[in-house]
Every structure is written in structure tokens, then in C-alpha cells.
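Q: Below is one structure. I have some questions about it.
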Amino acid sequence: MPGTETKHKVRDVNVRMLRGGSGPPLLFLHGANGLPVWLPVFDLLSKNFEVFVPEHPGFGTSDNPAWMRNIGDLAMYYLDFIDELSAHPVHLVGQSLGGWAAAEVAVRNCTRLKSLSLLGPAGIRIKGMPAGDNFIWDAEESIRNLYFNQKIPDQILSMQLTDEQADIMLTNRFAATKFGWEPRWYNPSLERWLHRIAVPTLIVWGKEDKLFPSAYAARWGEKIPGSRVEVIPECGHVPAVEKPEITAKEISRLYAGTR
């Protein structure tokens, strides 16, 4: 069943949000391309969770507060967001940029988190393992390089955008640039604080990820105590889209271990 689109206000910031399902709260933080439609992975997760998918401030049609200048500000915003979302601990899931934000949340304060799932997160850089640079990819490369199964970008590229959708894409690109431009998609300080993450943690990576090499998964696993790493074959940068069944299964498996 499709999720419901609502507005959600935290402090002075109004954002769009998708929500659906019932159960313990699961907060899904999207990647640099912006708020997705209600995806099959959300349907699968909504069988076990009440799923909340907010649009990051600065993306799409959500508010763009002047004080939100970097990934640290986004993390602090989501700490406030989680405090107001539910009286219960939250299962936090993040994809790419959203995974980076989720990790920045967790190193600051885990007390309101029940579990953490990072899906191909940005946020660290490994010397000798160069990442892709989606800021220099052209429009078609930026879509094709995210997926192993090229039928997905074929379908995306065949769609005719409305003027409104084109405007949102441009807004999203500006917002992604704010968070990821310099340095490219990482925080030089983050890796040394990953040991502070003290909740059950899952790292999921597509084996054929062209943006952040799948070898990064092992480093995240080494740095986060007790974490579990799953590398999915025949999958690119967006396992939540390309392999929704496996992604939802692994997140639900993590949840089962917290009960």
C-alpha cells in the first residue's frame, strides 16, 4: 500500500514526509537524489515497522533554513527530529548521503536509537581506493552508474519530466552540493569517532557500486564495534532500490536481534 505524504515540522523547519505501516518506528534517510516515491522496499519494511521517510531540509519543496550549512547541521537536525518523532527508540536507516547523516547522528548520540542500518553510506575515504565523482558525471552517467541492472536506468531515462520535477531535480543537486562538494562526500573526522556507535549496526553494500567501492564496507565494519556487513552481488549503489527484498530482509533480521 502506498505511503501517505504529510508535512512534518521540527523547530522552524517544515519538510515533506512519506509514512506508512505499523510497528516500531523506522526512520529512512534518503540519498543525494532526493525524496523518492514510496518504493517497494518501504512496502516490505512497513510489514514490520512504521516507516517514516522525510525529505532532507534544502531538498525538493522542503524548507531550506539558512543555518543548515553542512552534514553536522543535518545530523543535529535529525537528533531533534528523532526526539519529536516518537517516544520509542527509532530504527535508523540511511542510504548514501542519508547513510552518512545517520552515522553522524549515531556518533553524536545513540540513546534514542534501537538499531542503525547504513546502505552504501558516504562519509569516509580510504587512501588508495578512489571513489567515483558524481559531480563530474553527465546526466545519463549519474543515473546509469548507480545501478548494476541497467533496466532500471533505462526506465528512469525514458520518463519525461514535468517542469516541476525538473525544478526539484535542480534543487536537489544544489542541496547535495552543499553537503558533499568539499571535501567530496566525506568528513575527515568521522572515521575516528565511529567507535562511539553503540547500537546493533548493519552495513549493506552493492558489490558493483561505482560511486563508493564495495571494499569500503569492510572498513565501516572494522570501525563500528559488533557491526555486521552484507555485500550484495549484482547490485550497484542503491540496494534499497535494486535489491529491495534482500535489503528489507537484512534490516528486519537486525531488528529481530534487538527484541
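Q: With the checklist (1) under 28 Å from A166 (Cβ atoms); (2) of a type in the set (G, A, S); (3) out of contact with any strand residue (DSSP E or B) (no Cβ under 7 Å at 6 or more places or on another chain) in hand, flag the one item A87 doesn't pass.
A: Just one mismatch for A87, condition (1).
Q: Sticking with this one: Taking the conditions exactly as written (over 20 Å from L97 (Cα atoms) and at pLDDT 95 or above), does G226 satisfy them or not?
A: When the stated conditions are applied, G226 passes them.
Q: Taking the criterion of being assigned to a loop (DSSP other than H, G, I, E, B) and aromatic (F, W, Y), would at least one residue in segment 19-32 satisfy it?
A: No, segment 19-32 contains no residue that is assigned to a loop (DSSP other than H, G, I, E, B) and aromatic (F, W, Y).
Q: Any chance segment 114-126 includes a residue that's surrounded by fewer than 20 Cβ atoms within 10 Å (Cβ to Cβ) and free of Cβ contacts under 8 Å to residues at least 40 places away in the same chain?
A: Within segment 114-126 (the criterion being surrounded by fewer than 20 Cβ atoms within 10 Å (Cβ to Cβ) and free of Cβ contacts under 8 Å to residues at least 40 places away in the same chain), the answer is no, since none of the residues qualifies.
Q: Related question: The conditions are (1) free of Cβ contacts under 8 Å to residues at least 24 places away in the same chain; (2) among the acidic types (D, E); (3) more than 19 Å from G123 (Cα to Cα), and D73 fails exactly one of them. Which is it?
A: Single failed check for D73: (3).
Q: Then there's this: Between a residue in segment 82-109 that is closer than 18 Å to L35 by Cα and any residue that is surrounded by 24 or more Cβ atoms within 10 Å (Cβ to Cβ) and among the polar types (S, T, N, Q), which pairs come within a Cβ distance under 7 Å, given they are 6 or more apart or on different chains?
A: V93/S117
Q: Consider M68 carefully, then state whether it is hydrophobic (A, V, I, L, M, F, W, C), out of contact with any Asp or Glu (no Cβ under 6 Å at 6 or more places or on another chain), crowded, with 17+ Cβ neighbours inside 10 Å and not in a strand (DSSP E or B).
A: yes
Q: When only residues in segment 33-53 that are part of a strand (DSSP E or B) and of a type outside the set (F, W, Y) count, which is farthest from I71 (Cα to Cα)?
A: Across segment 33-53, the extreme among qualifying residues is E50.
Q: Listed residues V241, V204, V229, V199; which is within 15 Å of V93 (Cα to Cα), in contact (Cβ under 8 Å) with a residue 24 or more places away in the chain, in a helix (DSSP H, G or I) and aliphatic (A, V, I, L, M)?
A: Of V241, V204, V229, V199, the one residue that is within 15 Å of V93 (Cα to Cα), in contact (Cβ under 8 Å) with a residue 24 or more places away in the chain, in a helix (DSSP H, G or I) and aliphatic (A, V, I, L, M) is V241.
Q: I'm trying to understand the selection: among the residues of segment 157-187, which are part of a loop (DSSP other than H, G, I, E, B), free of Cβ contacts under 8 Å to residues at least 24 places away in the same chain and loosely packed, with under 10 Cβ neighbours inside 10 Å?
A: M159, Q160, T162, E182
The values are calculated or read from the model by the stated rules, or taken from the named source; none is laboratory data. Remember, it's a predicted structure, so these values are computed and weren't measured experimentally. In this analysis, Cβ positions are derived from the backbone assuming ideal geometry, glycine residues included, and neighbour counts consider all displayed protein chains.
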